[in-house]
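Colleague: Shown below is the structure under consideration.
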Amino acid sequence: MQCNTKQIMTFRISELLMAIDVVFMRDVLGKREYNEVPLAAYGISGIVNLRGNIVTVLDIENIINANNQPHNRLYNIVFDLNSELFSLAVDEIGEFMDIKTNEIEPVPNSIDPSVTAVSSGVIYAKEKIFLLLDFEKSIKLLLQNIETGE
Amino acid sequence: MDDLIDEFLEETNENLNILGGTLLDLEKQPNNPEILNEVFRNFHTIKGSGGALGFSRLQRLAHAAESVLSKVREGKLTVDTSLVSLILKVIDSVKQILEYIAANRAEPEQEFVDLLAKLGQYAELPDQIAVQQTAQTLEPSTPKESGGTDRSAASSNGTNSIRVKLSTLEDMMNITSELVLIRNQLLQILKSQENSAFACPLGRLNKITTNIQETIMKVRMQPVKTAWTKLARIVRDLANKLGKQIDLKMIGEDTELDRQVLELIADPFVHIIRNSIDHGIESPDVRKSVGKDAVGTITLNAYHESGHVIVEISDDGAGINTAKLKEKLLTKGTLTQKDLEKLTDDQINQYIFKSGVSTAAEVSDVSGRGVGMDVVMTNINKVNGAIDLISSPGKGSIIKIKIPLTLAIAPVLIVECNNDIFAVPQTNVLEILFGNAGKKHKISHIDGAKVLVLRGEMLPLVSIQDVLNLSPSKKEGYILILQITHSVFGLMVDNLLDTEEIVLRPPGSVLKGIKVFSGSAILGDGRVVMVIDPNSIAKRASIGDTKDVQSVEIFNDKKLVPILLFKNFNGETNAVDLKNISRMEKVRKSAIENSVNGYVVQHNNVIIPVVFDGETNNSFLFLIILQKDNIGVAFATPEVIDIIDADLEIQQISRKNGYLGSAVIDGITTDVLDSDYYLNIKDFKAIPSGNNVATRNTKTKLKKILLISSNNKEISDLQEVLRENFDMTCATDIHEYSGELPEVIIIGEYINQSNCLEVAQKIKTGIPKLNPVPLVKLFLNASKQDVALGIKAGILRYIPTKNKQTILQSLINLIASRQSPGGD
């Protein structure tokens, strides 16, 4: 069996413990003032200027719950998806870890399907379970919010 | 290898484009050795590089063309139209091969046998014959002045330019704007510090940054020539095809435009030129007969004017055939005869830019579908340009296109709403007003929508909060008057902050769905802002298609008509054209009676339906009695204001039944009543109040009704009343009837209860096709019990016979209500 390793970074959004593959990551930044975008889909908190780039700020919790709840999150994880920059608002930054790809387990059935819709698996590490965030799936779910939102 | 092919494709395509233009120059100056050499060199390059990459067909084609050209160089062949056409065909085929290579990374299987054979013929032609042949055709190709004579000289000097990837250029743009932002921040900091040691170097940084920015912008610029070169070819081919002689002149071809803009307006040029050739320039015979030079001229002229580039495309052809255009507009139903009378020829000519309009008698593969000019308009709008058309019949037409230098930097107005900021493109802003209502302009409400009356003109008004679903603001801020493609509207904002030049960025992938923003931008102080697209705002606020309104606004001759001004029950001023009013009466409120069919009033022993739309405490009301032919309807109003002569120009078409729309009368927005609507009401339920009645005279085919009766007096009485409106047939029993399906079956007054129930029963069980037909019973006296039984048996309505008019009215209403969906 193939045993590739992956580096992930963990973080927390409200009560959700999550992790992302660091290959997508570009930056971790402190809190930013962002501009809200009216009529935007649920989960889009606004846009922000990051060193001359206009970056769309996403809130995973709002994507999952399909609402526009304002949250006061302290950090921004900037990631690159198909050469477009996004920023993910998170409450707490965890740590970097090396994991083996065969340690990634499928998301248990008992979890809310909306949560499953943004993740590609779970990882058990340091006596905690982290949900591995899948950006592409998250954007897909977000765009669904647009279609049903209008 | 792939890189090599890509490079080869790019280079060869560019060469071919230049070659096309050079060939046309050669046609005009067949004896110019420099031009000939350049054509030759170009083919040689294609042959060489094609061969090096192993594209043998390409090599063979280029070689064959080269052989023919070398004959010309040796003086054994002379350049003529057919030779140029042949070489042009070679270019087309080479382009075809290149396209194939681009897609498939290999040459196509196709062998260009015909073309090669023809080229071979030329190359092997005995010298004398070739000379003879060309001698015959020499005359039409006499040298003519050309705008591109110095091209060969310029390009033979060798190139001092390099090829840069577009993405690299875009990156440079972005990095530069980042640099500009940092500079702005530094300057901001510097302002707060006195006698800083950084002041001097920062000043220099400031200057250099500006320089870099300007240089980068320059890199994006391309001469308009790049979009024009292909036009020469189009003119030549089309003119030959249509048997016309056309000379294309280019002036100011080095005028530079942003390449993004240029890309968008390249197509419009093609469409306009095609139109000029097909419709504008006449055939040589016609031209001679009207005393013009047989050779028509199309002139392209580009020049700078106040921050814009103006491109003029003029021809000396016949101009636009306005009469034909009018005819076309009429048959298409775009305009009515009345509209046409009110428009000047110039105004009518502008309609060629509308979709589906073409003056061409028949559709050809050149033009005539009426799509081209629509594309022109769309693309010009995309670059925020403007287009103007001047046509003088018999002398030609000029199309003037005004294009901004660049799309990359746009001046915007920064506006504030609920502490959010947005940018509005300044190109759309016509003027800015203070928002305090009731000062110089007035905000009124029509149909629940806000309307601004500005200098006698009515403009739809939108609040930015409403459009963007923001929480409403209490501020009386400013109103921006915005010009969009087909109309003008007002946008209410809280506050104006600043004007700024921004670099518009396309919206992020997840924000693209929000149509009201055209993108985002970073302001000088580092803030980001969404840029509003006024056209989409209008669409979202469903100001939408105000084309009709606009065409009304063009009309200048004001016709004054006498109108009656009155108040409706909501206190709003309404108007109605006096010509439809037969009289007015003041009545006690109690005189308006409530009948089964709504409000009625007795007038000279005739019952007239009343439109009584609202509540009032007044004991007296005014009735405006509208009358036409024998139909009358009264309109109740609490207050009559005045009768005045006014211009009943409807500026806002109403979406509500019963109103023509709104007009500005004496500076007040006034809803104008549609008296015809009330006089022609089919279904009284459709009257807004829902409580009104009106008579209707069906002029069309009379509705069939069936009367079941054996009483001759009753039959003749009813016949008299109903004759006008219905085609009545009589039968003594339902079984006797075998004609077409009636609209209503009436059971006569003298059919007693048991017989009546029997008829209903028979229809219900025995004659299924009559089942859906409403059944009514006429009665003079009927007990509640009888009625209840009858209705249970399937009788829809009991109509009293006291008043014959009531019978008529009831029947009309019954039929009308059944015809309207959801009725009864």
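Colleague: Being assigned to a helix (DSSP H, G or I), away from chain A (no Cβ under 14 Å) and modelled with pLDDT of 70 or more: is that true of B:Leu179 here?
Modeller: Judged against the criteria, B:Leu179 is not a match.
Colleague: Filter the range B:470-492 for residues that are within 13 Å of chain A (Cβ to nearest Cβ) and buried (at least 19 other Cβ atoms within 10 Å of the Cβ) and give the result.
Modeller: none
Colleague: Scan the range B:513-528 residue by residue and report those that are at the interface with chain A (Cβ under 7 Å from one of its Cβ atoms) and assigned to a strand (DSSP E or B).
Modeller: B:Ser520, B:Ile522, B:Val528
Colleague: Now, a different point. So B:Asn755 clears everything in (1) of a type outside the set (Gly, Ala, Ser); (2) surrounded by 12 or more Cβ atoms within 10 Å (Cβ to Cβ); (3) not in a helix (DSSP H, G or I) except one condition, right? Which one?
Modeller: Only one criterion is unmet by B:Asn755, namely (3).
Colleague: Collect the residues in the range B:283-339 that are over 30 Å from B:Ala410 (Cα atoms), in contact with a strand residue (DSSP E or B) (Cβ under 8 Å, 6 or more places away or on another chain) and not in a helix (DSSP H, G or I), keeping them in residue-number order.
Modeller: Answer for the range B:283-339, where residues must be over 30 Å from B:Ala410 (Cα atoms), in contact with a strand residue (DSSP E or B) (Cβ under 8 Å, 6 or more places away or on another chain) and not in a helix (DSSP H, G or I): B:Val295, B:Gly296, B:Thr297, B:Ile298, B:Thr299, B:Asp315, B:Asp316, B:Gly317, B:Ala318, B:Gly319, B:Ile320.
This table checks each residue for (1) more than 14 Å from B:Pro742 (Cβ to Cβ); (2) at pLDDT below 75; (3) surrounded by fewer than 15 Cβ atoms within 10 Å (Cβ to Cβ).
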site: B:Tyr677; (1), (2), (3): yes, no, no
site: B:Lys682; (1), (2), (3): yes, yes, no
site: B:Arg696; (1), (2), (3): yes, yes, no
site: B:Lys703; (1), (2), (3): no, no, no
site: B:Asp717; (1), (2), (3): yes, no, no
site: B:Asn725; (1), (2), (3): no, no, no
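Colleague: Is it true that A:Asp91 is within 14 Å of chain B (Cβ to nearest Cβ) and either among the acidic types (Asp, Glu) or closer than 15 Å to A:Leu17 by Cβ (or both)?
Modeller: Answer is no for this residue.
Colleague: Just one of the numbered conditions (1) assigned to a loop (DSSP other than H, G, I, E, B); (2) at positive phi is not true of A:Asn109; which one?
Modeller: (2)
Colleague: Moving to a separate point now. So which residues in the range A:97-121 are of a type in the set (S, T, N, Q) and surrounded by fewer than 12 Cβ atoms within 10 Å (Cβ to Cβ), if there are any at all?
Modeller: Once the filter is applied, which keeps residues that are of a type in the set (S, T, N, Q) and surrounded by fewer than 12 Cβ atoms within 10 Å (Cβ to Cβ), the range A:97-121 yields A:Asn102, A:Asn109, A:Ser110.
Colleague: Looking only at strands (runs of 3 or more DSSP E) that fall completely inside the range A:3-67, which ones have 3 or more residues that are more than 14 Å from chain B (Cβ to nearest Cβ)?
Modeller: So the answer is A:5-13, A:16-21, A:25-29.
Colleague: Looking only at the range B:802-815, decide whether some residue is surrounded by fewer than 16 Cβ atoms within 10 Å (Cβ to Cβ), touching a strand residue (DSSP E or B) at 6+ places or on another chain (Cβ under 8 Å) and assigned by TED's automatic domain parsing to the domain that holds B:Asn711.
Modeller: Yes, the range B:802-815 has at least one match.
Colleague: Here's a follow-up. Which condition from (1) touching a strand residue (DSSP E or B) at 6+ places or on another chain (Cβ under 6 Å); (2) at pLDDT below 85 is the one that B:His486 breaks?
Modeller: Result: B:His486 passes all but (1).
Colleague: Restricting to the range B:50-62, count the residues that are in a helix (DSSP H, G or I) and closer than 17 Å to B:Gln96 by Cβ.
Modeller: Adding up the residues that qualify gives 8.
Colleague: Return yes or no: is B:Gly280 more than 20 Å from B:Lys382 (Cβ to Cβ), surrounded by fewer than 21 Cβ atoms within 10 Å (Cβ to Cβ), not acidic (Asp, Glu) and not assigned by TED's automatic domain parsing to the domain that holds B:Lys95?
Modeller: Criteria not met by B:Gly280.
Colleague: Then there's this: Condition first: under 21 Å from B:Asn657 (Cβ atoms) and in a helix (DSSP H, G or I). Now tell me which residues in the range B:580-620 satisfy that.
Modeller: B:Asn580
Colleague: Does the range A:21-57 hold any residues that are buried (at least 21 other Cβ atoms within 10 Å of the Cβ) and of a type in the set (A, V, I, L, M), and which are they?
Modeller: Matches in the range A:21-57: A:Val37, A:Ala40, A:Ala41, A:Ile44, A:Ile47, A:Val48, A:Ile54, A:Val55, A:Val57.
Colleague: Could you identify the single residue in B:Val510, B:Val467 that is within 11 Å of another protein chain (Cβ to nearest Cβ), of a type outside the set (D, E, K, R) and touching a residue at least 60 places away in the same chain (Cβ under 8 Å)?
Modeller: Every option except B:Val467 fails the conditions.
Colleague: For A:Ser138, work out the one condition from (1) at pLDDT 85 or above; (2) more than 13 Å from every other protein chain (Cβ to nearest Cβ) it doesn't fulfil.
Modeller: Just one mismatch for A:Ser138, condition (2).
Colleague: Here is a follow-up. Given the condition over 30 Å from B:Val261 (Cα atoms), modelled with pLDDT of 75 or more and more than 42 Å from the chain's Cα centre (by Cα), answer yes or no: does some residue in the range B:204-222 qualify?
Modeller: Yes, the range B:204-222 has at least one match.
Colleague: Go through B:Glu14, B:Glu27, B:Glu38, B:Glu74 for me and flag whichever is acidic (Asp, Glu), surrounded by 15 or more Cβ atoms within 10 Å (Cβ to Cβ) and more than 23 Å from B:Gln245 (Cβ to Cβ).
Modeller: B:Glu38
Colleague: Further, regarding this structure: How about the range B:628-642: which of its residues are closer than 18 Å to B:Ile563 by Cβ and either modelled with pLDDT under 75 or among the charged types (D, E, K, R) (or both)?
Modeller: Correct list: B:Lys628, B:Glu639, B:Asp642.
Colleague: Of the conditions (1) over 17 Å from B:Ile387 (Cα atoms); (2) touching a helix residue (DSSP H, G or I) at 6+ places or on another chain (Cβ under 9 Å); (3) at pLDDT 85 or above, B:Leu330 satisfies every one except a single condition; which number is it?
Modeller: Single failed check for B:Leu330: (3).
The values are calculated or read from the model by the stated rules, or taken from the named source; none is laboratory data. Given the structure is predicted, the values throughout are model-derived calculations rather than measurements. Cβ sites come from the backbone with ideal geometry, for glycine too, and all protein chains shown count toward neighbours.
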